[in-house]
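To start, the structure itself, in structure tokens.
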Amino acid sequence: MSYQVNKSEEQWREELTPQEYAVLREAGTERPFTGEYTDTKTTGVYACRACGAELFRSDTKFESHCGWPSFYDPADTDAVELIEDRTMGMVRVEVRCANCGSHLGHVFEGEGYGTPTDQRYCINSISLRLTPKE
């Protein structure tokens with residue numbers, strides 16, 4: 001897919017820390033319960049750490065107790081790209097930034113959370129940057 005932000009892997013390596021690169025560009029996962037936004041209740045906007053595109057808002061963040069920040073809806077349906085992921089011996093739906101193609105996490109449905117969408121966007125903290133509301 002073609003993205004609005006299109007950089008070489010060399011450029012991404014120069015701009016991102018090794019940990020950010022491993023998750024955002026190589027579809028890695030940070031360890032559960034270690035991310036800076038897992039338990040954050042700050043009001044604000046969550047943007048892609050790689051390109052700055054707005055992805056999620058704090059009013060859709062909820063406590064899922066899964067070890068990663070969880071949201072029930074992106075800020076805009078066009079903000080994220082959903083891709084079937086058949087790695088790790090299972091079928092999941094990968095969530096990527098629609099602006100730059102960076103890996104954010106996965107989305108799950110039908111888990112019984114009391115959210116308006118019945119979805120859990122399970123997102124790596126390291127994929128996000130929170131801008132608090134003033």
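The values are calculated or read from the model by the stated rules, or taken from the named source; none is laboratory data. Computed from a prediction, not measured in an experiment: that's the story for all the values here. Ideal geometry is used to build each Cβ from the backbone, glycine not excepted, and the neighbour counts take in all protein chains shown. To get the accessible areas, we keep the full protein, side chains included, count just its heavy atoms, and leave off ligands, DNA and RNA. Shrake-Rupley method; radii C 1.70, N 1.55, O 1.52, S 1.80 Å.
When V5 is tested against (1) assigned to a loop (DSSP other than H, G, I, E, B); (2) touching a Lys or Arg at 6+ places or on another chain (Cβ under 9 Å); (3) not hydroxyl-bearing (S, T, Y), just one condition goes unmet, and that condition is (2).
Residues in segment 110-129 that are under 12 Å from the mean Cα position of the chain (by Cα) and not in a loop (DSSP other than H, G, I, E, B): R120, Y121, C122, I123, S125, I126, S127, L128, R129. For the residues R120, R96, the requirement of being closer than 19 Å to Y3 by Cα, of a type in the set (K, R) and in contact with a strand residue (DSSP E or B) (Cβ under 9 Å, 6 or more places away or on another chain) singles out R96. Taking residues in segment 118-134 that are touching a residue at least 12 places away in the same chain (Cβ under 8 Å) and under 18 Å from R25 (Cα atoms), and partners anywhere that are among the hydroxyl-bearing types (S, T, Y) and open to solvent by 10 Å² or more (accessible area, probe 1.4 Å), the pairs with Cβ atoms closer than 7 Å and at least 6 places apart or on different chains are N124/T29; S125/Y37; S125/T38; L128/Y37. Filter segment 53-74 down to residues that are of a type in the set (A, V, I, L, M, F, W, C) and under 12 Å from the mean Cα position of the chain (by Cα) and give me whichever is most open to solvent (accessible area, probe 1.4 Å). Among them, the one singled out is W68.
Selection over segment 21-37 of residues that are touching a residue at least 12 places away in the same chain (Cβ under 8 Å), under 10 Å from I126 (Cα atoms) and open to solvent by less than 40 Å² (accessible area, probe 1.4 Å) gives a count of 5. Scanning segment 75-86 for residues that are of a type in the set (V, I, T) and open to solvent by less than 80 Å² (accessible area, probe 1.4 Å) yields a total of 2.
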